[in-house]
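Down below is the structure, laid out as structure tokens.
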Amino acid sequence: MKKVTFKVNGCSRQFIVDKDLVLLDLLRKDLRLTGAKQSCDRKGQCGACTVILDGKAVRSCLTKVDKLDGADVITVEGLGTPRNPHLIQEAFVLSGAIQCGFCTPGMIMAAKALLDQNINPNGDDIKKALRRNLCRCTGYKKIIEAVQLAGRFLRGETTPEQVRPDPSQGLIGVSHPRPSAMLKACGVAEFTADISVPGALELAAVHSPHAHAVIKSIDASAAEKMPGVIGVMTAKDIKGTNRLKYLVPDRPILCDVKVRQIGDPVAAVLAETREQAVAAARAVRVDYDPLPVMRTPAEALSEGALQIHSDRPNLCYTQPQIRGDAEAALARSAAVVETDFSTQITHQAALEPEACVAYLENDESGDLPILVVIGRSINIHFSMGMLQDAVGYENLRYEEAYSGGQFGIKLDITSEGLAAGAALHFKRPVRYIPSLMESLWLTSKRHAFDMKVRIGADAQGKLTAYAIDFTVNNGAYHSNGNVIVNRALWMLSGSYYIPAIKAMGRLVYTNSIFGSSARGAGPPQANYALESAIDMLAEKMKIDPLEFRLINSLEPGQPKSTGRIVEQWPFPGLVEAVRPHYERARKEAAGWNRKNNVIKRGAGLGTGAFGIASPG
Ligand code: FES
Ligand code: FES
């Protein structure tokens, strides 16, 4: 141990610390300064933990406290408060540079360190200063603008009062700051991992190293004897269905009979500290009987493939969409393109890990306490119902804390089942703050699509028919898989009038990580195939691809692939708006290509017609 004295936000503090303690943990755990965030498992990769140390921006997760004797540390809380914010905080709020806000304190501290040295930075200076800070939601443009605006404030060229929109000037067409932006800018918006509950146990899950295996036995005896351990929870300790049912009750909180994807949780260790829980989780012995792993629909549908869920076939959903006689129309077409497309599974990569806090609260109006679950789901009433069934407890309240990044990943719940089950089982408050690796395992992904398409046009370039056969890799659990298939079909014909349609969507269980909503949820994959096939057909017919799109636009009174008649269709006007940019881009690319033989450039087109929810 070592005694160190240094300043935190202007106050001199003394600490006796272990050599391994990093500044981020001292700030967050000991000083309860939770403005600095943690995303990348303290690997120095996200910048969410940035603070200022002796005038320089540093990643506090990499900064050892025992080296800080005599230092001067400033955190986001040391800059300003929502009532009395720093000009940089004002600039981020007024520039619209804050969406989920998880990255914001780190960004602001990196910006402060820059502006302290250089009050008039150019774009390159700002990019260099923020190069270690990741943002998943806002995009960096607004953040760079915020730093530029902060510079103008600091140089006295303008003031927040001059920039702030005046609500009396109307609400439409005016960019008002997000109501929560100032709390996020000042680091006082509490994300789930920032919430502390007195006496809370910390949870660590035991995750399967196998993508498909039978669980033969779980031996927690060694783990239970380890320091700080309160107990180990397995599936038999969960009193409800133990299934987190979005549409189909197939995803266990803790796996009982089998594991079906890498990282499936099989046991949860509860201990006084996260470190103790993680150490004990490693001591839990699980005996598995590995089964064949089917990562792709082709493998899961192959002859003799094992059923991943005993009560459901691997081909778990099919949905056709037929309009007219596409086969006959393709046979009559002047040109046909036939090809395959595939998309991959993608992770939405929210910066915030999948944290959850659960505790029992006295209920004045009833005999049973309320099980309060604080998590990151955006679907709180639905999530409450899922949890009630899964843990077998009716008197439950789900609260959403500030959530770090959504992108569809927060439609389903993950850590909430474990924390809620453990709070009920051990009758103690529970915090489950998984690592980034665990969060990757626990969360749903964008579905991979395999698509076989045929598209035809007549001699004038008018589309005649579209046939698509697509197979969706559902992963190990259903979530809203059939909705993804349906949404791909609902928006299948995109911006175009296609008289004949022959489509079939299939959903297949595999041992990949399960899929669910992800920006667009289904149509982006199907639109990628359609738009690419349109380009190929236009090229085959020697028609300019923009022109080809224009002549095939839907018109009011014509049906989409679903049969729904459109009443308005602004697509031709959009094509005309794009035309000058398209022509300029083509000219520029041609100019480049004349001078360069190795790297060539082109101009790409892609359109989409998208409806949210369940648009026919
Ligand atoms: S860089 Fe420190 S938590 Fe990611
Ligand atoms: S606003 Fe930057 S990560 Fe969400």
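Every number here is computed from the coordinates shown, using simple stated rules; none is lab data. The model shown is predicted, which means the values in this text are computed figures rather than measured ones. Cβ coordinates were reconstructed from backbone atoms using ideal geometry, including for glycine residues, and neighbour counts include every protein chain displayed.
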- Inverse of <1/r> over all distinct C-alpha pairs of the range 374-480, i.e. the Kirkwood Rh in Å, gives 16.9 Å
- Full-extension gain in nm, Val566 to Ile172, via 0.36 nm per residue minus C-alpha separation: 139.1 nm
- Message: Within the range 420-453, name every residue whose backbone N is under 18 Å away from a label modeled 7 Å from Cα of Asp340 along the Cβ vector.
- Response: 448-453
- Query: According to a simple spin-label model (label point 7 Å from Cα along Cα-to-Cβ), what is the distance in nm between Ser614 and Glu299?
  - Reply: 3.4 nm
- Two-site FRET efficiency, Ile322 against Arg586, from Cβ-Cβ distance with R₀ of 60 Å, rounded to 0.05: 0.95
- Item | Mean-position separation - Cα centroids, the range 154-177 and the range 204-278, in angstrom | 51 Å
- Kirkwood estimate for the range 1-155, i.e. one over the average of 1/r between Cα atoms, Å: 15.6 Å
- Note on the structure: Mean Cβ-within-10 Å packing, highest first, puts peptides 366-372, 574-580, 331-337, 356-362 in the order 356-362, 331-337, 366-372, 574-580
- Message: Within 10 Å of each candidate Cβ there may be at most 16 other Cβ atoms; applying that plus a DSSP loop requirement, which trypsin sites (Lys or Arg not before Pro) in the range 115-144 survive?
- Response: Arg131, Arg132
- Query: Lys540 to Asp41: FRET efficiency via 1/(1 + (r/R0)^6), r the Cβ-Cβ distance, R0 51 Å, to the nearest 0.05?
  - Reply: 0.55
- Which lysines have a Cα lying under 16 Å from the Cα of Lys43, excluding residues fewer than 8 positions away in the same chain? Lys64
- Message: Strictly over 20 Å apart at the Cα level, which of Lys141/Lys587; Lys29/Lys445; Lys141/Lys184; Lys502/Lys560 would you flag in this model?
- Response: Lys141/Lys587; Lys29/Lys445
- Show the residues, 5+ positions off or on another chain, whose built amide H is closer than 5 Å to the amide H of Tyr317. Leu507
- Item | Relative intensity, log₁₀ I(q)/I(0), of the range 298-383 from a Debye sum that treats every alpha carbon as a point, q = 0.16, 0.17 Å⁻¹ | -1.04, -1.06
- Message: If I model a spin label as a point 7 Å beyond the Cα along the Cα-Cβ vector, how far apart are those points for Phe382 and Arg519 in nm?
- Response: 2.0 nm
- Query: Using the reciprocal of the averaged 1/r over all distinct C-alpha pairs, how large is the Kirkwood radius of the range 21-99 in Å?
  - Reply: 13.3 Å
- Query: To the nearest 0.05, what FRET efficiency results for Arg285 and Val163 with a Förster distance of 60 Å applied to their C-beta separation?
  - Reply: 0.50
- Message: Out of the chymotrypsin sites (Phe, Trp or Tyr not before Pro) in the range 473-542, which ones are loop residues according to DSSP with at most 10 other C-beta atoms within 10 Å?
- Response: none
- Which value, in debye to the nearest 20, describes the size of the charge dipole of the chain about its Cα centre when Lys and Arg Cβ atoms bear +1, Asp and Glu Cβ atoms bear -1, and nothing else is charged? 1580 debye
- Message: Under the rule of at least 5 residues apart or a separate chain, name every residue whose amide H is placed under 5 Å from the amide H of Arg397.
- Response: Leu371, Val372, Val373
- If contacts are Cα pairs under 8 angstrom and at least 6 residues apart, what is the relative contact order of the chain in percent? 13 percent
- the range 106-229: D in µm²/s via Stokes-Einstein (Kirkwood Rh, Cα pairs, 25 °C, 0.890 mPa s)? 125 µm²/s
- Query: Rg to Rh for the chain: what is it, with Cα atoms only and Rh by Kirkwood?
  - Reply: 1.01
- If you rank Ile455, Ile551 by fewest surrounding Cβ atoms within 10 Å, what's the result? Ile551, Ile455
